[in-house]
Structures are given as C-alpha cells and as structure tokens.
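The values are calculated or read from the model by the stated rules, or taken from the named source; none is laboratory data. Keep in mind that this is a model prediction, so the values were computed, not measured. Reconstructed Cβ throughout: ideal geometry from the backbone, glycine too, with neighbour counts over all protein chains shown. Surface accessibility is based on the protein's heavy atoms, side chains included, excluding ligands, DNA and RNA. Shrake-Rupley method; radii C 1.70, N 1.55, O 1.52, S 1.80 Å.
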Amino acid sequence: MFLLLLCKQGFAQHHIEDSIHQLSPVEVSSDRFSHTVSGVKIEKMDTNSLHLYQNASLHEMLSQRSALYIKSNGISGLSSVSIRGTGTSHTAVLWNGFNIQNPMNGGMDISLIPVNFINTISVQYNGMAALYGSGAIGGAIHLANEPEFNKGIDVSLGGMYGSFGNYATNIKVGYSTKKTAVSLKAFYHQGKNDFPFINTAKYGSPKAKQNNSALWSYGIISDNAYKINDKNQLSLRIWLQESTRQLPTLMTQEFVNTSQYDNFLRSALEWMNKGRNYKLFVRTAVLIDTYRYKDSDKQIHSASGTTASVSESEIYFKLFPYHTMNIGMHYSYTYGYCDYYAHKQSQQEISAFISYSASNKRDNWRLNLALREEYTNTGLVPILPSFAMDIRLYKELFIYINASRNYRIPTLNDLFWFPGGNPNLKPENGYAEEIGIKHTMLWDKTRLNYSLSAYNNNIQNWIVWLPNATYWSPQNIQSVWSRGVEASVGLDFPISRCMLTLNPKIAYVKATTQKSNNPTAIGHQLIYTPELTSNMTITASYKKFLFSFNMEYVSTRYTSPDNSESVEPYILGNIQITKEFQLKHISFNLFCNLNNIWNTTYQTIVWQAMPGFNFKTGLQINFKQNKSPKS
C-alpha cells in the first residue's frame, strides 16, 4: 500500500521519454567508450542511483544496483568485482579512459572510489581488449568526469551519520561559463565498524563484536576545462585520496593488529582539437600509488608503490556520412618498488589501435570493427581483433552480437616478486563471444524494456601461483571456460500520481577449470564465483519524495578447487528514502538508508564477518544559480 501513495504524472512522462533507446547516426564522439557502444551490453547507473549513493562507495552501489558479484574482505577491507566469472584482474577500471588497475597485482579496490566523485558510471560486459588494452577480459567499468559548460554556480555541502561510529562530510564547489568549467569536490569519512555478529566459527556460535576494523579516509578531486576557441579545448583533472584502515579480524582469530595505508595521486591533462569532420585528442596522465602494510604483532612493516606515466593520441574522422574511423597510439611506462622486489622494476606498453564504425541512413544497423597490436616487456602480443554489431529487427527491438580476442599482461608481482617471480610468464589470453536482444516498448505513460544475453569466454595461460620446494611461484598452467546467460527488465508505470519503477536482474555463470596442475579442480566451478546472482529494485517517487527497496541474492561460493567446501548463499534487503525541500535556488535533501533490513548473517569471504542491520542518515544542501556571465 505504501508504494501506491507516491509521484506525479508529469514527472513520469518526462522520465519515460528520456529513457527510450534509439540508434543514432554514427557521429564523432568525445571519447572511445561512447563512440563504440554498439553491439555490446552496457549498464549505466541512472541519475536516481547516483543521487541515492552520493555518500557511498562504488562497492555499495554496484552490489545493490547490478547483478555483478562483489567480493568484500570485511566492512573496512578490500572489495573487488568479478564480471562473468573472471577474476578481479580481468576487469579494467577506466577513469576518463585511463586504466587505474593496480600494476602490482592487477586488481582494483572499488571500496576506495566515492560515487560522488564520478559524474558517469557505466559497466561494459565482455572483453574489448582491442579498444581498451590489457585487463579487459571479463569487461570494464568506465568512470567519467565530463565538463558541463554554462551552468553557472553549483555548490553543495553534506553530512552523514551511520551505524558503528560512521560519519562523513562532503563538499562540492562548481562554476562554469560558456568557455570555462571548474569543479572541486572533497570528502572525509571515518568509522569504528565495531559491529556485533554471531561467530559461527566457534562452538555454540557465541555473540561477538568485530575488532580491528576502523577506517579513516579523505580525498579531493578537481575537474577543469577551458575552451580556447571553437576548435580547441584543454582539460585538467587531479584526484588525490588517502586511506588508513585496519584489516578486520577473522572469525577464527582472537585478535589481529594489522592495518593498511593507501594513497594515490591521479592527474590527467587532455587537449582536444575538432574540425567539421574530425576530432583529435592528445592526453597524458601520471598515476602514483603508495601502499604500506603493518602487522604490529609480527613486526612486519612493508612499503610498496608504483608510478605510471601514460600518453595517448587518437583521432576520429568521418570517411563519409555514417562511416567513422578512429586511429590511435598508446604508450605507458610503469615502475614499482616493494620490499619483496630485488630492486625497482619497470614495465612498458606500446600499442597502436584502429577502429571503424558505421551505420546506415535508416539506423537499421550499426557496427564497430577494431584491431590492436601491442608490445610489452614480455614480448609482442598477438593482434587483437574485435567485432560488435546492433541490428534492428522491428521498431525498438534489436539483436546484438560481439566477438573479441582479449589478454592480460603479467603484473609486477607476477614477474618480479622475490623469491618466486617468473619473468618468463606469457600474457593470459582468450576469446569471448556474446549474442543478445534488447527491446523497448512505450505506450501511454508506461515504458517496458528488457534484455537477454548469452556469452562464452575461453581464457588460456591463466596465471596461478604454485608452491615448490621453498616458495611460491606463478605459472601459466590453467585454462578456464566461462559461459552463462543474463536477463534484466525495466518497467516504469504511473499509478494515480505516483511513478513506479521495477528493475529485476539475474545472471547465471558457469566458470569451470578446464586445465590445471590440480586434477581435482578440472570441471569444477572457480572458487568464490557464484553460479547465480540476482538483484531486484523497486522505486516509487512522488513529487520530491523517493522510496527505493532493493534485494540482492548471491548463491553458494566454493572455497576449495574441488568444490568440497563452500560459503552459504545469502539474501539481503535494503531501503533508501529521500525527501527534497526547495527554497528558491537552495534545495535540502534528507536521506535515510537502511541496509540488511532482515539482519541476515552472511559471509562474502569464508570466516569474514559482515554487519547485520545498519543505517545511514544525513542531509545534503545544494545551491544552484544557472545564470552565468556571457564570457
């Protein structure tokens, strides 16, 4: 009954019209991702999601708003994402086109990415290494900060208080004219995270309290763009962040005194020159990461870090109407240091890529063909092709297909860890194929869209660390076959003055070991890879009030290669409520998030406790003045 009391019909109609999917003629786009979205599955976080999770991390948003599996090492520990049965190092994370995966281990801790620092968040499924390079085997997460010109003043200030001693503040100051766009955002977050839980690892399952799980984090990001004239634009982005967190004690341990310090500086400079039928981009970035690990009980103090310099140049140009070419070069140099390296180590990547996009005048089809050639420290990577295509079957009913060859180069740890690093490792490589349909229907004030896809992914030379007489060493000995199906539905419809949105998603993946040094692993599901994940979100809105209910399900995850041991499946429920009050140019947004409303006892990692029922509440104040000077 509660859902029948919410949203205005005028808002409903606007929301529906903005969501219709249409194929447009091929145009020169501002970035490689938006230019090559045909023929692939893209899941873009909508405006409501960005609004609801502006005081959360990317980990929290993706776990509650997608069917991806997010593996969390506790409330203050590392969080990684798995797409279609691949590992965390097989998911490229791209910040404005630059890959920010950790060069040392290939992963990316998505709990360190605040949602309110990013303007656009999209998940691309299936590998497209021809376009994005190493690491994009399972898919890619695209984080973009596109400038908005001529918007005037945009200032916001917010605060959040939550369970287990969590509180956070954030601020944004933005100003833009016809030629200049400047934005500065900052946040601070602190939490004790001493939540109670049932310790099922001990006899009698006694009640316990999580210890050594506090965190402190702050960051600042600056996005700046200047239009020199109608043909030239400069953009400068700087992202600085620092986190100190205790690493949570496992249920099988009495107490540990371990902590980790993460610091990074990401800076990127881009020049864009455009003409009537072309756009030229020259961009460069410096990515600096510093890590420190401390175990006071064992007297371990380890320091490590990397510095990467990346340069790219690419040009888009129209061959003739509805046909576009993209040609580019990429160079990166990365060096890393670690207490477990013999000395500082470096890695280079040099690549060239070309893509061709086309459609017909009636927009009945659209395709993209791409090739990439790359040279790294380990040698020349075989040519990487990709093909993707959308075909209109009827009105807004499309079929899409794609196929690609993908790869991942060994990480610095794989190559240079001492003792054990293997400089003779080959890149992981494989082939991926996908076919799917997507359909959008609109009648009166109701919109229905659905998609269904099936995919196949074969990965060879999978790198696995194996023990020998005295230490562990990585080897190219495993082959993995990942295949599955995914489905999602979106339904928007009005009831009286209320707008309801239903969005169920489900993903089934079978990811099995085909070749391994361990015979008992062959034919079995990969560890920590659930066969089934699903997500259901119901959102109701009325005027300035929004209510959202989310439910997420994760099936059994095996913790041993022969699948003899496992972690139990779980279902979580979450509620988000926001109310906006408008006073001329100032808006006040009250919010309350209720997580794990059924107080479910669950684990994402074996014997790693997770919090039961918890909440966040707070206020966000926004001031916008759209009138800007003519300059």
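What to note about this one:
- Solvent exposure of the range 502-614 amounts to 45 Å² per residue of accessible area, where only protein heavy atoms count and the probe is 1.4 Å.
- Percent accessible area from carbon and sulfur atoms, the chain, protein chains only, probe 1.4 Å: 60
- Convex hull volume of the Cα atoms of the range 241-296, normalised per residue: 103 Å³.
- Residue-wise HN-Hα coupling along the range 304-313, computed from phi with Karplus coefficients 6.51, -1.76, 1.60 (Hz; x: Gly, Pro): 7, x, 9, 10, 10, 10, 10, 10, 9, 9
- Radius, Kirkwood style, for the range 318-472 when every pair of distinct Cα atoms is counted (Å): 19.2
- Between the C-alpha center of the range 206-237 and that of the range 308-385 there is a gap of 26 Å.
- Rg and Dmax of the range 408-486, Cα atoms only, in Å: 20.9, 71
- Amide hydrogen neighbours beyond the local backbone of E428, cut-off 5 Å, H modeled: R408
- Cα-based reach from K616 at 19 Å (exclusive), listing lysines while leaving out same-chain residues under 8 positions away: K192, K579
- T578, T88, ranked by accessible area, largest first (probe 1.4 Å): T88, T578
- With a threshold of 20 Å on the Cα-Cα distance, the over-threshold entries among K395/K445; K505/K544; K445/K505 are K505/K544; K445/K505.
- With bins 10 Å wide beginning at 0, the percent of Cα pairs of the range 503-592 falling in each bin runs 15, 29, 20, 16, 12, 7, 2.
- Stokes-Einstein diffusion for the chain at 4 °C, viscosity 1.567 mPa s, with a Kirkwood radius from C-alpha pairs, works out to 50 µm²/s.
- Among residues other than S80 with Cβ under 11 Å from its Cβ, the summed charge is 0 (Lys and Arg +1, Asp and Glu -1).
- The lysines within cross-link reach of K515, meaning a Cα-to-Cα straight distance under 19 Å and a gap of 8 or more places when in the same chain, are K426.
- Per residue accessible area in Å² of the range 344-401, where ligands, DNA and RNA are left out and the probe is 1.4 Å: 49
- Distances between every pair of Cα atoms in the range 91-217, grouped in 10 Å steps from 0 to the bin holding the largest one, split as 11, 26, 26, 26, 9, 2, 0 percent.
- Computed per residue of the chain from DSSP H runs no shorter than four, each worth -39500 (n - 2.57), the mean residue ellipticity at 222 nm is -1500 deg cm²/dmol.
- Where the Cα pairs of the range 63-152 fall when distances are cut into 5 Å bins, in %: 3, 13, 24, 26, 18, 8, 4, 3, 1
- Per-residue surface analysis assigns V40 an accessible area of about 10 Å², computed on protein heavy atoms at 1.4 Å probe radius.
- Computed from the alpha carbon positions, the gyration tensor of the range 184-335 leads to an equivalent ellipsoid with semi-axes of 48, 17, 16 Å, biggest first.
- In the calculated pair-distance distribution of the range 135-179, the portion above 17 angstrom amounts to 64 percent of the Cα-Cα pairs.
- Residue-level accessible surface for I435, protein heavy atoms, 1.4 Å, Å²: 90
- In Å², nearest 10: area of K71 left accessible to a 1.4 Å probe: 60
- Accessible area in the full protein assembly, largest first, 1.4 Å probe, for Y333, Y400: Y333, Y400
- Here the 3J(HN,Hα) profile of the range 278-284, calculated from phi with Karplus coefficients 6.51, -1.76 and 1.60 at θ = phi - 60°, is 8, 9, 10, 10, 10, 9, 9 Hz, Gly and Pro shown as x.
- Note on surface exposure: V310, V606 rank V606, V310 by accessible area, highest first, 1.4 Å probe.
- Euclidean distance between Cα centres, the range 123-153 to the range 431-453, Å: 22
- Think of a 1.4 Å ball rolled over the protein heavy atoms: the range 132-191 then has 38 Å² of accessible area per residue.
- For the range 551-606: Kirkwood Rh in Å [reciprocal of mean 1/r, alpha carbons]: 14.4
- Under Karplus coefficients 6.51, -1.76 and 1.60, residue-wise ³J(HN,Hα) of the range 324-337 in Hz, glycine/proline x: 10, 10, 10, 10, x, 10, 9, 9, 9, 10, 10, 10, x, 10
- Partners of K202 within straight-line reach, counting aspartates and glutamates whose Cα lies under 20 Å from its Cα and excluding those fewer than 8 residues away in the same chain: D194, E254, E565, E568.
- Dipole magnitude for the chain: about 1700 debye, using +1 per Lys or Arg Cβ and -1 per Asp or Glu Cβ, origin at the Cα centre.
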